[in-house]
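A.B. asks: Here you go, one structure.
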Amino acid sequence: MEGGAGSSGDRHVIVIDRDNNRLYELGRAFPQSGGSWNADCGAVFHLDSNTVRPGGQPGWTSADAAGLPIFPGLARYEEASQGPGGIRHALRFTVVRSRRAYIPPATHYASSNTSADLPPMGMRVRLKASYQIPANFSTETKALLTAMKTYGMIMADNGSNWFVSGAPDDRWNNDALTSELSQVKGSDFEVVRMVGLVTA
C-alpha cells in the first residue's frame, strides 16, 4: 500500500495477476478484517489487450484521476539502474492544478477550472531534444531523463508539480533524485499531444 498502513494520502494498492493478465488498482484502500479491502475507487485493466480499459466509458475514473492505469507509468529501480535506455516507456507525472478536460486515452478530469492555461489529464509532454543531461547526474536520473526525452510523460493526476511517480524500492537514492531532478525546469519540456481534447 502506498505510504504504508498509516498513510493519509491516496493509499494506492496495485496488484498484478500474472496468470490471468490482469492489473487491479485501488485508490484510498483500507484493509478490512478477514482479508478484504474497502476502497474509494478501483479499476481492472486487461494486460492481454491494447484497449486501455475494456468496457470503460468516457468520464470513468480509476485509482488515478485521469482514468489511466498507474502501474505502466511508474519509474522502477530495476529499469533506472541500467542507466540511459533502461526505461522503455512513458512516465506518469502530476500537477497541482489541472483543467476540467482530458485527452484520450485518459477518460476523466479532476477539476472544475476551465482555464486553457491549465493542463488537461492525459496531456503528453517530453523533455526537449536540446536539453543536455548533465554528465555528473546519477545513473538513475540519467535513465529517467532519457526516458522523458524518448517516451515522454503523461499527466495523470493532481499532486505536486512535475512529480514523477516511482515504484517503492529501498535502493532509490531519493536525496540525489530530488536534487538532480529539481534542476530540470518546466520550460525544458514541450507538449507533444493535445489531440482529441474532451471538455464535457
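The values are calculated or read from the model by the stated rules, or taken from the named source; none is laboratory data. The shown structure was predicted, so the numbers you read here are calculated from the model rather than taken from an experiment. Glycine gets a Cβ as well: all are built from the backbone with ideal geometry, and neighbour counts include every protein chain shown.
A.B. asks: Might you let me know whether segment 117-140 holds any residue that is part of a helix (DSSP H, G or I) and touching a helix residue (DSSP H, G or I) at 6+ places or on another chain (Cβ under 9 Å)?
C.D. replies: Residues of segment 117-140 part of a helix (DSSP H, G or I): 139-140.
From what's left, touching a helix residue (DSSP H, G or I) at 6+ places or on another chain (Cβ under 9 Å): 139-140.
Yes, segment 117-140 has at least one match.
A.B. asks: From ASN38, ASN50, which residue is within 25 Å of TYR151 (Cβ to Cβ) and polar (S, T, N, Q)?
C.D. replies: Exactly one residue qualifies, and that residue is ASN50.
A.B. asks: Moving to a separate point now. Could you check how many residues of segment 141-182 are surrounded by 15 or more Cβ atoms within 10 Å (Cβ to Cβ) and part of a helix (DSSP H, G or I)?
C.D. replies: 13
A.B. asks: Does SER130 satisfy being touching an Asp or Glu at 6+ places or on another chain (Cβ under 9 Å) and without any contact (Cβ under 8 Å) to a residue 24 or more places away in the chain? First the steps, then the outcome.
C.D. replies: Numbers: touching an Asp or Glu at 6+ places or on another chain (Cβ under 9 Å): yes; without any contact (Cβ under 8 Å) to a residue 24 or more places away in the chain: yes.
Yes, satisfied.
A.B. asks: Checking the structure you have, find out if any residue of segment 33-40 is among the acidic types (Asp, Glu), at pLDDT 95 or above and over 16 Å from the mean Cα position of the chain (by Cα). Steps first, please.
C.D. replies: Filtering segment 33-40 down to residues among the acidic types (Asp, Glu) leaves 40.
Next, only the ones that are at pLDDT 95 or above stay: none.
No; the residues of segment 33-40 include none that is among the acidic types (Asp, Glu), at pLDDT 95 or above and over 16 Å from the mean Cα position of the chain (by Cα).
A.B. asks: Looking at (1) over 21 Å from GLY166 (Cβ atoms); (2) modelled with pLDDT of 95 or more, can you tell me which one LEU127 breaks?
C.D. replies: (1)
A.B. asks: Collect the residues in segment 42-77 that are outside any strand (DSSP E or B), free of Cβ contacts under 8 Å to residues at least 40 places away in the same chain and not hydroxyl-bearing (Ser, Thr, Tyr), keeping them in residue-number order.
C.D. replies: First pass over segment 42-77, keeping only residues outside any strand (DSSP E or B): 47-74, 76-77.
Subset that is free of Cβ contacts under 8 Å to residues at least 40 places away in the same chain: 47-51, 54-55, 72.
Hits for segment 42-77 are LEU47, ASP48, ASN50, PRO54, GLY55, PRO72.
A.B. asks: From (1) surrounded by fewer than 14 Cβ atoms within 10 Å (Cβ to Cβ); (2) in contact with a Ser or Thr (Cβ under 7 Å, 6 or more places away or on another chain); (3) not hydroxyl-bearing (Ser, Thr, Tyr), pick out the condition that doesn't hold for GLY56.
C.D. replies: Failing condition for GLY56: (1).
A.B. asks: Before we move on, is SER138 surrounded by 13 or more Cβ atoms within 10 Å (Cβ to Cβ) and out of contact with any Phe, Trp or Tyr (no Cβ under 6 Å at 6 or more places or on another chain)?
C.D. replies: Numbers: surrounded by 13 or more Cβ atoms within 10 Å (Cβ to Cβ): yes; out of contact with any Phe, Trp or Tyr (no Cβ under 6 Å at 6 or more places or on another chain): yes.
Yes; evaluated as a whole, the condition is true for this residue.
A.B. asks: If we scan segment 93-104, do we find a residue that is crowded, with 21+ Cβ neighbours inside 10 Å and within 14 Å of the chain's Cα centre (by Cα)?
C.D. replies: yes
A.B. asks: Of ARG124, ARG22, ARG92, which residue is among the basic types (Lys, Arg) and free of Cβ contacts under 8 Å to residues at least 60 places away in the same chain?
C.D. replies: ARG22
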